[in-house]
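The values are calculated or read from the model by the stated rules, or taken from the named source; none is laboratory data. As the structure is a prediction and not an experimental result, all values here were calculated from the model. Because the Cβ atoms are built from the backbone with ideal geometry, glycine has one as well, and the counts that use them run over all protein chains shown.
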Amino acid sequence: MNPVGTNLEEIMDRYPGEPEYLIFLLQDIQSSYGYISPESMQRVCDRTGVPLTRAYSVATFYQSFRLDPKGEHEIKVCLGTACHLKGGQRLVDELERRLHVEAGGTTEDMRFTLNTVNCLGACAISPVMVVDDEYHPSMSVKKMDRELKRLRHEGEKEVGNV
Amino acid sequence: MSDSTAAKLQTPWRLTSPGDLETLRNDIIESQDPNRPTIVVCHGNGCLAGGGAKVAEAFRQGLSDAGINAKLMPGVKTTGCQGLCSRGPLVTIQPHGFCYQRVQPGDAAEIIEKSVMATEPVERLMHRDTKTGEVFHTEEEIPFYRLQERRVIQKIGKIDPTDITDAIATGAYSSLAKVLSTMTPQEVVLEMEKSGLRGRGGAGFPTGRKWRSALQAIEKKGRPVYVVVNGDEGDPGAFMDGAIMEGDPHAVLEGLIIGAYALGAEKGYLYVRAEYPMAIKHLEMAMAQARSYGLMGENILNSGFSFDARINRGAGAFVCGESTALFTSIEGKAGNPRPKYVRSVEEGLWGRPTVLNNVETWANIPLIMGMGGEEYAKIGVPHSTGTKVFCLVGKVENVGLVEVPMGTPMTRIVEDIGGGVGGGKPFKAVQTGGPSGGCIPYSLKDTPVDFDSLTKVGSMMGSGAMIVMDETDCVVDVGRYFLKFLEEESCGKCIPCRLGLSRMREILDNFSQGKGSAADIEDLTSLSNALKDGALCALGSSAPNPVLTTIRYFKDEYLAHVEDHKCPAGVCKSLITFAIDPEKCNGCMSCARNCPAECITGKKKEPHAIDASQCLRCGICLETCKFDAIFVS
Ligand SMILES: Cc1cc2nc3c(=O)[nH]c(=O)nc-3n(C[C@H](O)[C@H](O)[C@H](O)COP(=O)(O)O)c2cc1C
Ligand code: FES
């Protein structure tokens, strides 16, 4: 079943079909589907009259757009200045090693996507890690391991320990 | 409250005169019982991340469990950032003003019983001075608040940002009403010039002068003209603009509408960083509410002036904070900056005259119109008037939002308000201005924090981040951090920025590995000059600042890396080794179990050892050891 097409048109109708709404549309698609598929990109271009090459140049210019599907869980580590000073990079290094992906990537089994961000405005509780929009304050590698274990375990339970 | 007042407050009514606003305000105030207890729970980013929402829920539940008499039913109110983020979740109980810190859901029942039903403090949850042990009950007593001068963020943490009536009760939109009913657009600009306000987004350009040149551009080119809010706040480690938009969105809107009136703009844009979903939500709610009260949209307060605005969400590009890049982004394109042969006040958004100001700049405007430009200019110091909101973060006791008059000495902010780095030690340096700013060493701790003084010591005001560093922070690492950040964020259009930044970062990479030579420091300086002269926009031309200031004030530390192959702060991975102190190690094995490289060996209850050749220097052992037995050298 392809979710694209079910309410893509509803998103299209939110804005006038003009080039200035390109970014608005891409953002809404991204937040509904987690990424921008080739089909939805084509649809956005038809709607706004922006050439496909231009739309891709926009989508690749801005960091928040993804062109490939996101994993089941998104782990974001803050690398803003405060989090950097308190060891944010170490969390990223360790996550990269444990998940076998580079920041920005998704694990082969599509379970995890690892991303970095620059300051979430929660510098007081740095370093900050966010898992599927839930904030984890004052992260340490140990706490990170515990969270990772929990997420993996949760997945196993859901698929009935196959 | 009379029934008719209650009914009037139920549904928004379209205000048609400044008198209407005044009446509404009085009605709201009359409807509020000043003695009714209110539990004010901070919902700023820091407190929410620490569990603020669960705390608010616990209070709501606690109140209904306590079955309190409906007439005196205390309210739970959620607000924007109350400021002292490092001690969150924060809760204040009104009307007595008791301040509670690090509140957990389990504390709600006790606070309700003692401080809501009675007026007793719960001292274990109150601010305790780390040095003297003194307990402070209210904001007025806590030095962190007492030593500030909160004007722009005065209402943040007090009002419910999702309820316009709460803002109106504290005076929101009264400056707008005054401007529309008693001032001409020319007079507004004149007042701005008198105030001496300089833009809070980084460059510190006088706002009045910017508006004046916009008026001149309009004379030549005619209208439309646009007003734009820069809410991109890209500086990684700054959240004051986010806190303002989240905590008092009406202040930004009111400022924007006043600006629009002064320039004759009918349309405005708010460009807000994508990472601030709550700011976007609160601004959207604020606009909808302002429209329904007739404070925005067609014929505002029946003055004949109409104005509306829309929000553009950023999409994750630091360079889009730069004015020309921001305009291209609003136009729906990739946010590449363009050379500024033509100023944006003449040719900005859609090629039209445009005034772009920072969030905090806009939020200052209602204050200026309220008190008058001359009065405003008395705050702060002559060439930097007013107050500035800072984000105090890093190795400092009190992390949070701080507002002080311009010209306040650095030590007052970091030591007196911020409580210093802790342990009575001096700070090593304070980084101001983010990636475009610089590091100010402890020896310059008395530097007045204003635009010109900061520039004089090689740094800059920037947007207002203040990152405190202690002796465990390495200046080479910080320089490298900012260069890497800017290298990733550079749009790549101009060569000095694209190649210059990479080369500078490579040199610092080498330094962090103990490679390179003192001659490389010369190279860094000459590359910096090339960037300053040749980069297309200020992202590149200000990029060398963090490196230049650290070379200026901490050259020894750079030399220690290349000549002695040491990182004195113990940060640069290639130059440090982890080892175990056999005196302190009791053989608990916790480090050995957690070591990802499996390079820690030793028998149970006997001192362990680290095989340095296998060590990844990940620092997990340091984190796990409860006996302080692991040291870095
Ligand atoms: C790379 C770069 C990033 C910037 N980011 C921001 C920002 O996030 N917020 C902001 O208000 N100004 C930012 N600025 C400054 C703006 O270009 C502009 O000067 C400012 O918004 C004008 O408003 P002001 O006069 O009220 O300060 C940035 C500038 C550069 C060169
Ligand atoms: S630096 Fe990570 S939240 Fe601000």
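Laid out as a table, the results:
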{"read-out": "Filter result for residue A:106 (crowded, with 24+ Cβ neighbours inside 10 Å and closer than 20 Å to residue A:34 by Cβ)", "value": "no"}
{"read-out": "Top-ranked residue of region B:312-323 - restricted to ones that are at the interface with chain A (Cβ under 10 Å from one of its Cβ atoms) and either touching a residue at least 60 places away in the same chain (Cβ under 8 Å) or away from ligand 2 (no atom under 16 Å from the Cβ) (or both), ranked as surrounded by the most Cβ atoms within 10 Å (Cβ to Cβ)", "value": "B:320"}
{"read-out": "Options B:547, B:468: the member that is in a helix (DSSP H, G or I), more than 16 Å from ligand 1 (Cβ to nearest atom) and under 24 Å from the mean Cα position of the chain (by Cα)", "value": "B:547"}
{"read-out": "Any hit, region B:494-516, residues being more than 16 Å from ligand 2 (Cβ to nearest atom), modelled with pLDDT under 95 and on the phi > 0 side of the Ramachandran plot", "value": "yes"}
{"read-out": "Criterion (more than 12 Å from chain B (Cβ to nearest Cβ) and β-branched (Val, Ile, Thr)) met by exactly one of A:101, A:128, A:92", "value": "A:101"}
{"read-out": "Residue in region A:58-79 that is facing chain B (nearest Cβ under 10 Å), closer than 17 Å to residue A:144 by Cβ, of a type in the set (S, T, N, Q) and out of contact with any Gly (no Cβ under 6 Å at 6 or more places or on another chain) present", "value": "no"}
{"read-out": "Hits in region A:60-87 - residues which are within 16 Å of ligand 2 (Cβ to nearest atom) and more than 19 Å from residue B:317 (Cβ to Cβ)", "value": "A:75, A:77, A:82, A:83, A:84, A:85, A:86, A:87"}
{"read-out": "Filter pass, residue B:326 being within 14 Å of ligand 1 (Cβ to nearest atom), buried (at least 24 other Cβ atoms within 10 Å of the Cβ), of a type in the set (A, V, I, L, M, F, W, C) and not in a loop (DSSP other than H, G, I, E, B)", "value": "yes"}
{"read-out": "Residue in region B:555-568 that is modelled with pLDDT of 90 or more, outside the structural domain of residue B:494 (by TED's automatic domain parsing), under 34 Å from the mean Cα position of the chain (by Cα) and not in a helix (DSSP H, G or I) present", "value": "yes"}
{"read-out": "Of all residues making up region A:139-152, the number that are more than 9 Å from chain B (Cβ to nearest Cβ) and not hydrophobic (A, V, I, L, M, F, W, C)", "value": "6"}
{"read-out": "Only one of B:113, B:120 that is in a loop (DSSP other than H, G, I, E, B), under 16 Å from residue B:37 (Cβ atoms) and touching a helix residue (DSSP H, G or I) at 6+ places or on another chain (Cβ under 8 Å)", "value": "B:120"}
{"read-out": "Verdict on residue A:57 being free of Cβ contacts under 8 Å to residues at least 40 places away in the same chain and surrounded by 17 or more Cβ atoms within 10 Å (Cβ to Cβ)", "value": "no"}
{"read-out": "Scan of region B:388-430 for residues that are among the polar types (S, T, N, Q) and modelled with pLDDT under 95, ordered by number", "value": "B:398"}
{"read-out": "Extreme residue, farthest from ligand 1 (Cβ to nearest atom), among residues of region A:118-131 that are hydrophobic (A, V, I, L, M, F, W, C) and buried (at least 20 other Cβ atoms within 10 Å of the Cβ)", "value": "A:129"}
{"read-out": "Unique residue being crowded, with 21+ Cβ neighbours inside 10 Å, within 16 Å of ligand 2 (Cβ to nearest atom), touching a residue at least 12 places away in the same chain (Cβ under 8 Å) and part of a loop (DSSP other than H, G, I, E, B) when the list is B:463, B:459", "value": "B:463"}
{"read-out": "Residue satisfying all of: in region B:577-595; surrounded by 15 or more Cβ atoms within 10 Å (Cβ to Cβ) and free of Cβ contacts under 8 Å to residues at least 40 places away in the same chain; farthest from the other protein chains (Cβ to nearest Cβ) among these", "value": "B:587"}
{"read-out": "Residues located in region B:476-506, provided they are of a type in the set (A, V, I, L, M) and either within 12 Å of another protein chain (Cβ to nearest Cβ) or surrounded by fewer than 21 Cβ atoms within 10 Å (Cβ to Cβ) (or both)", "value": "B:478, B:486, B:495, B:499"}
{"read-out": "Leading residue by the ranking (surrounded by the most Cβ atoms within 10 Å (Cβ to Cβ)) among those in region B:50-72 that are touching a residue at least 24 places away in the same chain (Cβ under 8 Å) and of a type in the set (A, V, I, L, M)", "value": "B:55"}
{"read-out": "Filtered residues of region B:77-99 (kept if surrounded by fewer than 24 Cβ atoms within 10 Å (Cβ to Cβ) and either hydroxyl-bearing (Ser, Thr, Tyr) or not assigned by TED's automatic domain parsing to the domain that holds residue B:142 (or both))", "value": "B:78, B:86, B:92"}
{"read-out": "Flag if residue B:332 is closer than 25 Å to residue A:55 by Cα, buried (at least 20 other Cβ atoms within 10 Å of the Cβ) and in the same structural domain as residue B:254 (by TED's automatic domain parsing)", "value": "yes"}
{"read-out": "Single unsatisfied condition, residue B:14 versus (1) out of contact with any Gly (no Cβ under 7 Å at 6 or more places or on another chain); (2) modelled with pLDDT of 90 or more", "value": "(1)"}
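For every residue, the table says whether it meets (1) within 14 Å of chain A (Cβ to nearest Cβ); (2) in contact with a Phe, Trp or Tyr (Cβ under 7 Å, 6 or more places away or on another chain); (3) more than 10 Å from ligand 1 (Cβ to nearest atom).
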| residue | (1), (2), (3) |
| --- | --- |
| B:188 | no, yes, yes |
| B:232 | yes, yes, no |
| B:244 | yes, no, yes |
| B:253 | no, no, yes |
| B:256 | no, yes, yes |
| B:278 | yes, no, yes |
